[in-house]
1. Could you grab me the full set of residues in region 51-65 that are in a helix (DSSP H, G or I), open to solvent by 20 Å² or more (accessible area, probe 1.4 Å) and either aromatic (Phe, Trp, Tyr) or more than 22 Å from Glu335 (Cα to Cα) (or both)?
2. For region 83-128: of the residues being open to solvent by 10 Å² or more (accessible area, probe 1.4 Å) and part of a strand (DSSP E or B), which is farthest from Lys67 (Cα to Cα)?
3. Of Ala126, Ala158, which residue is over 18 Å from the mean Cα position of the chain (by Cα), within 24 Å of Tyr233 (Cβ to Cβ) and among the small types (Gly, Ala, Ser)?
4. Taking region 8-30 as the search range and keeping residues that are open to solvent by less than 40 Å² (accessible area, probe 1.4 Å) and either part of a loop (DSSP other than H, G, I, E, B) or in contact with a Leu (Cβ under 8 Å, 6 or more places away or on another chain) (or both), which one is farthest from Ser104 (Cα to Cα)?
5. So, in region 129-142, of the ones that are more than 24 Å from Val32 (Cα to Cα) and not charged (D, E, K, R), which residue ends up most open to solvent (accessible area, probe 1.4 Å)?
6. Please find, within region 66-82, the residue that is most open to solvent (accessible area, probe 1.4 Å) out of those that are assigned to a loop (DSSP other than H, G, I, E, B) and not charged (D, E, K, R).
7. Report yes if Gly103 is more than 24 Å from Gly133 (Cα to Cα) and touching an Asp or Glu at 6+ places or on another chain (Cβ under 9 Å), otherwise no.
8. Does region 337-353 contain at least one residue that is farther than 16 Å from Ile49 by Cβ, open to solvent by less than 50 Å² (accessible area, probe 1.4 Å), in contact with a strand residue (DSSP E or B) (Cβ under 7 Å, 6 or more places away or on another chain) and modelled with pLDDT of 95 or more?
Amino acid sequence: MKIGLISLGCAKNLVDSEHMLARLREVGHEIVTDMDEAEVGIVNTCGFIESAKTEAIETILETAQCKQTGKMQGLVVTGCLAQRYREEIEKDLPEVDVICGTGSYENITEAVEAAYGHQKRAYFGAMDQADLGGARSRLTPGYTAYFKIAEGCSNTCAYCIIPKLRGKYRSRAYEELIEEARVLSDAGVKELIVIAQDITKYGMDLYHKRRLPELLRELCKMDFTWIRLHYLYPDQMTDELIDVIASEDKIVKYLDIPLQHVSKRILRAMRRPGDRESLTALIGKLRDRIPGLVLRTSLIVGLPGETEEEFTELCEFLQEVRIERVGVFEFSPEEGTIAAEMPDQIEAETKENRRLIVEELQSGVIDDYNLSRVHEEMDVLCEGFDTDAQLYYGRTYADSVEVDGKVWFASETPCTAGEFVRVRIDDSLGADLSGVRVGG
């Protein structure tokens with residue numbers, strides 16, 4: 001049977017898609033990229049915030065059209081939207097044949113066969129007992145791979161629905177991770193991106209101690225060139241972990257640390273620790289101990305009750321610490337979260353204005369950072385050649401996949417995707433850089 005799959009949302013969801021594809025291949029199904037050729041389509045959805053839900057529903061409906069225009073006999077919907085809105089999907093989206101929750105990816109072969117046979121089925125196993133490992137058919141380029149070390153989240157952030165979509169925090173077995181990393185290394189992966197909802201808590205549930213530093217040291221013994229870390233919670237950054245990051249050359253000096261806000265009152269309303277003083281001190285400490293560090297964070301503006309003074313405090317903090325990469329989001333009142341029921345909900349226009357103000361502030365920080373790189377020589381991971389621009393493009397250590405800028409560069413000799421090249425930075429192009437390859 002020919003199967004097509006669309007994966008939406010985060011990198012953790014992408015890894016789930018890779019596991020599902022591997023299971024399907026193991027039993028003899030063929031994976032196709034053209035949905036018009038697929039006999040069964042799978043949409044692995046995100047359901048984190050309103051915009052993601054909208055995208056997921058639109059994708060489901062677009063894919064379902066292949067039942068009329070292509071060879072598609074059945075449609076399977078998996079992922080967070082399926083987990084969150086099973087009844088609504090069954091009622092309002094008759095185009096969907098089979099639904100799989102986030103605890104039932106192991107049922108994907110049964111789901112596909114049921115969908116092909118025009119059967120209406122739903123698979124919803126216990127999230128906290130789902131298999132976290134297994135073979136993967138990777139959807140990333142051969143030189144880059146995501147490495148999911150844990151699933152779920154046991155934090156109780158007031159605005160977040162993830163624990164209800166993914167279950168409590170579950171670390172994967174250490175030995176299993178080491179074996180998977182060896183497989184990825186032997187396959188030629190150069191950039192390993194360590195992911196979980198919070199990688200700093202790795203091991204606490206299984207082993208009653210933090211094992212991320214130990215895991216990173218072992219990963220650094222393998223043939224990876226870059227090891228990138230997403231996400232590290234600010235209150236979990238131990239001295240041991242900082243020392244490992246600083247001392248291991250393969251760990252790129254780029255850390256994604258979600259802060260969400262800096263006002264103490266807003267953070268407590270979010271059910272998060274910290275305040276402006278402690279977060280400023282943490283960033284100072286990290287920069288002192290990790291030379292060349294580039295930081296990324298995510299922020300939420302417009303939480304119910306956020307005052308102009310608290311928003312101003314956030315802006316002042318950003319101007320003071322000058323975090324190089326910032327993603328800012330308007331608060332989305334998600335059904336089933338504490339924050340959705342809070343009083344003093346903020347108007348959409350105010351939330352949008354606050355987001356735009358932060359984005360404008362950050363554009364200046366990005367410009368200054370990029371200008372500081374001009375005339376430097378930097379290692380760039382080549383990702384391809386653009387025929388329109390007639391330039392190669394790639395990323396430095398300071399640029400993670402999809403969320404950051406690129407380096408556009410000319411080269412007198414051919415470059416291949418996955419190759420590390422030395423580039424002299426000559427100019428800043430907004431979020432991107434441009435330059436010329438040297439020494440090759």
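The values are calculated or read from the model by the stated rules, or taken from the named source; none is laboratory data. What you see is a predicted model, and the numbers here were worked out from it, not measured in a lab. With ideal geometry, Cβ positions are generated from the backbone for all residues, glycine too; neighbour counts draw on all protein chains shown. In case anyone asks, the SASA skips ligands and DNA or RNA and just uses the protein heavy atoms, side chains included. Shrake-Rupley method; radii C 1.70, N 1.55, O 1.52, S 1.80 Å.
1. Once the filter is applied, which keeps residues that are in a helix (DSSP H, G or I), open to solvent by 20 Å² or more (accessible area, probe 1.4 Å) and either aromatic (Phe, Trp, Tyr) or more than 22 Å from Glu335 (Cα to Cα) (or both), region 51-65 yields Leu61, Glu62.
2. Ranking the qualifying residues of region 83-128, first place goes to Tyr123.
3. None of the others qualify; the one that does is Ala158.
4. His29
5. Selected residue: Gln129.
6. Keep residues of region 66-82 that are assigned to a loop (DSSP other than H, G, I, E, B), which gives 70-73.
Filter again for not charged (D, E, K, R), leaving 70, 72-73.
On the way: Gly70: 28, Met72: 6, Gln73: 71 Å².
Taking the candidates together, the pick is Gln73.
7. Judged against the criteria, Gly103 is not a match.
8. No - not one qualifying residue is present in region 337-353.
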